[in-house]
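In what follows, a single structure is set out as structure tokens and then discussed.
Read-outs throughout are calculated quantities, based only on the coordinates presented, and are distinct from any laboratory measurement. The structure presented is a predicted model; accordingly, all values stated were derived computationally and were not measured. Don't worry about glycine lacking a Cβ; one is built from the backbone with ideal geometry, like all the others, and counts go over all protein chains shown.
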Amino acid sequence: MKKKILLISQVFYPDEVSTASLFTDMCSSLVRKGVDVEVWAGHPSYTSLSRQPRRTIYNGILVRYLPSSNFHKGSLAGRFLNILTFTISVFFRLLLSNDRSPVWTHTTPPFTGIAASWICRLRNRKFVYILLDIFPEGLIRLGRVSGKNPFVRIWNWLFFRSLRRSDRIIAIGRDMRDWIVKCDNMLKEKTLYIPHWHDEETIFPVPKEENNLVGVYGPSGRFIVQYSGNMGLWNDMSAIGKAVNITPENVSFVFVGGGMRKEELTSEFNRPERPEVIMFPFIEKNRFNLSVNAADVHLVSLREGVEGMAVPCKIYGILAAGKPVIGMVPENSEIAYVIRDEKCGIILKPDDSEGLVKAVEMLRDNKSLCDEMGKNSRKAFENKYKVSIIAAKYIDLLDNLN
């Protein structure tokens, strides 16, 4: 019998936000490997606002766009309504479905997975929970909510109940897996570490002389340091901004993207206009490979104390491009493990602005070291993080789901 899965993901093609792109690539790879994939998605609300047909086929994937609002993500109330309407649609459709194929979903948004785990137990369907971000514990660690708040306590109880109902739990970081098991040792046997991935066909090394974005990202000959992606909840943008404020000689800092902490970055600048600081909005997917390859080194940030709560997926695109990484991350985080294991960059404390300046200067002045780290990045990607490799791990999990 042909293998089949149902993935529930609010964001999916044609949106190009990272979660949508990653799972679109994963599902496409699973289809190529002979798996029958159906996806329930919400209507686009990030890079597109176009309403989709009820049903479409994309790369062999059956995509059903459930009834849901799609206000732009910039509206907080709109985002809440998008989540609410999508979760309600999932609840009733899953409750009434007679299909018995395994259900897979992730923690974005968090309450969709909680609802799906309950219905799958009620309807006797296998349920696989992919942990991307951990809520509400992550918010508690950041001081955004109190662990004593009755709503937060109920939320946390529901989250762990959903984990116990799951047939398999996928943690995208070793730090995340360890935290889950520490909280509830009974989850140890069904919690697996399977990292994030990137598509080897869309991100690959491009020589600078063949990259037409290099000149856009900085004057010829300058050493380019890039931060690309979301400047969000888990990132310490203030520390990066302080380093930018004392930009080393012959270095350009390029920021591609945005988010709730962008102002935290720019507020550290002494002058509103700095020729050595270049800022761009999120870039289109078809130009992303050139963007990643335009830099000499990339930055990844994770705030102190949130190890185990999230893994910035941008690192896998950096590895795919064969670029070195400066990780301003907790020492016991998945990002630090990757950099240390693969010898593909430098690890700093999340708030170490002076260390960032010194690391940039060292890599700027040591091309052979920079090149060696870049080669190690690409080697690690080819051996561990290609979407085809991770898809094979997902299929193994599916084969052993009983």
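Data table
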| read-out | value |
| --- | --- |
| For region 381-395, 3J(HN,Hα) per residue [Karplus equation, 6.51 cos²θ - 1.76 cosθ + 1.60, θ = phi - 60°, Hz, x = Gly/Pro] | 4, 5, 8, 9, 10, 5, 4, 5, 5, 5, 4, 5, 5, 5, 5 |
| Likely footprinting exposure, Glu249, Glu304, Glu354, fewest C-beta neighbours within 10 Å first | Glu249, Glu354, Glu304 |
| Rel. contact order, % - alpha carbon contacts under 8 angstrom, at least six apart, the chain | 13 |
| P(r) weight above 28 Å for the chain, C-alpha pairs, percent | 47 |
| Calculated P(r) tail over 24 Å for region 208-384, as whole % of Cα pairs | 29 |
| Within straight-line cross-link reach of Lys343, lysines at Cα separation under 16 Å, skipping those fewer than 8 residues along the same chain | Lys323, Lys367, Lys375, Lys379, Lys384 |
| Loop trypsin sites (Lys or Arg not before Pro), region 1-91, which have at most 15 other Cβ atoms in a 10 Å radius of their Cβ (DSSP) | Lys2, Lys33, Arg51, Arg54 |
| Sites matching trypsin sites (Lys or Arg not before Pro) across region 147-224 that sit in DSSP coil, with at most 14 neighbouring C-beta atoms within 10 Å | Lys148, Lys188 |
| Extension gain from Lys285 to Thr47, taking 0.36 nm per residue of separation minus the Cα-Cα distance | 84.7 nm |
| Dipole of the chain [Lys/Arg +1, Asp/Glu -1 at C-beta], most positive-end residue of His198, Trp179, Leu348 | Trp179 |
| Net charge, Asn293 excluded, C-beta distance under 12 Å - Lys, Arg +1, Asp, Glu -1 | +1 |
| Two-decimal log10 I(q)/I(0) for region 227-309, as the Debye equation yields it once each C-alpha is a single scatterer, q = 0.21 Å⁻¹ | -1.06 |
| Rounded FRET efficiency, nearest 0.05, which uses the C-beta distance separating Phe91 from Asp371 and R0 of 60 Å | 0.70 |
| Semi-axes of the equivalent ellipsoid for region 301-386, Cα gyration tensor, largest first, Å | 19, 18, 8 |
| Dipole magnitude of the chain, debye to nearest 20 (Cβ charges: Lys/Arg +1, Asp/Glu -1, about Cα centre) | 1860 |
| Dipole-positive endmost among Ile57, Ser68, Val17 within region 1-85 (Cβ charges, Cα centre) | Ile57 |
| Alpha-carbon centroid distance for the pair region 84-124 / region 349-399, whole angstrom | 35 |
| Ellipticity estimate at 222 nm from DSSP helix runs (n ≥ 4, -39,500 (n - 2.57)) divided over the chain, nearest 500 | -12000 deg cm²/dmol |
| 13 Å Cα-Cα reach of Lys126 towards aspartates and glutamates, excluding residues that sit fewer than 8 places from it in its own chain | Asp99, Asp167, Asp399 |
| Debye, to nearest 20: dipole size of region 19-115, +1 on Lys, Arg Cβ, -1 on Asp, Glu Cβ | 160 |
| Cα Rg over Rh - region 1-102, Kirkwood | 0.97 |
| Set of lysines with alpha-carbon distance to Lys182 below 23 Å, sequence-local pairs under 8 removed | Lys148, Lys190 |
| Label point 7 Å beyond Cα of Arg100 along Cβ direction - residues of region 34-50 with amide nitrogen under 18 Å | 36 |
| Pair Glu263, Val216: separation of 7 Å Cα→Cβ label points (nm) | 2.8 |
| P(r) histogram, all alpha-carbon pairs of region 118-172 included - 10 Å bins from 0, percent | 23, 44, 27, 5 |
| Exposure proxy order (Cβ contacts within 10 Å, fewest to most) of Trp104, Trp179 | Trp179, Trp104 |
| Arg54 versus Leu76: modelled label distance in nm, points set 7 Å from Cα along the beta carbon direction | 3.7 |
